[in-house]
Amino acid sequence: MSDKNAAVGGGAIYSLGIFGAFVYFWGTADGLWEYVLTFIQALFWPAWMVYEVFEALGA
């Protein structure tokens, strides 16, 4: 597998993480500003999760 294919696969997984976070946060939102905040949370949650995993692994 070439580096280009690996990057495409990683982007797809990251996109699924963003979509999954969006669905989760949208379902827990109660008011207008929480729905607005959902977009921001969905964009940054996968990156935060990866950071926490690397920190737990000691990388």
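The values are calculated or read from the model by the stated rules, or taken from the named source; none is laboratory data. The shown structure was predicted, so the numbers you read here are calculated from the model rather than taken from an experiment.
Scan Val23, Val8, Val50 and give me the residue that is of a type in the set (A, V, I, L, M, F, W, C) and at pLDDT 85 or above.
Going through Val23, Val8, Val50 in turn, the sole match is Val23.
Name the single residue that is farthest from Trp45 (Cα to Cα) among those in the stretch 15-30 being more than 13 Å from the chain's Cα centre (by Cα) and of a type outside the set (Phe, Trp, Tyr).
Asp30
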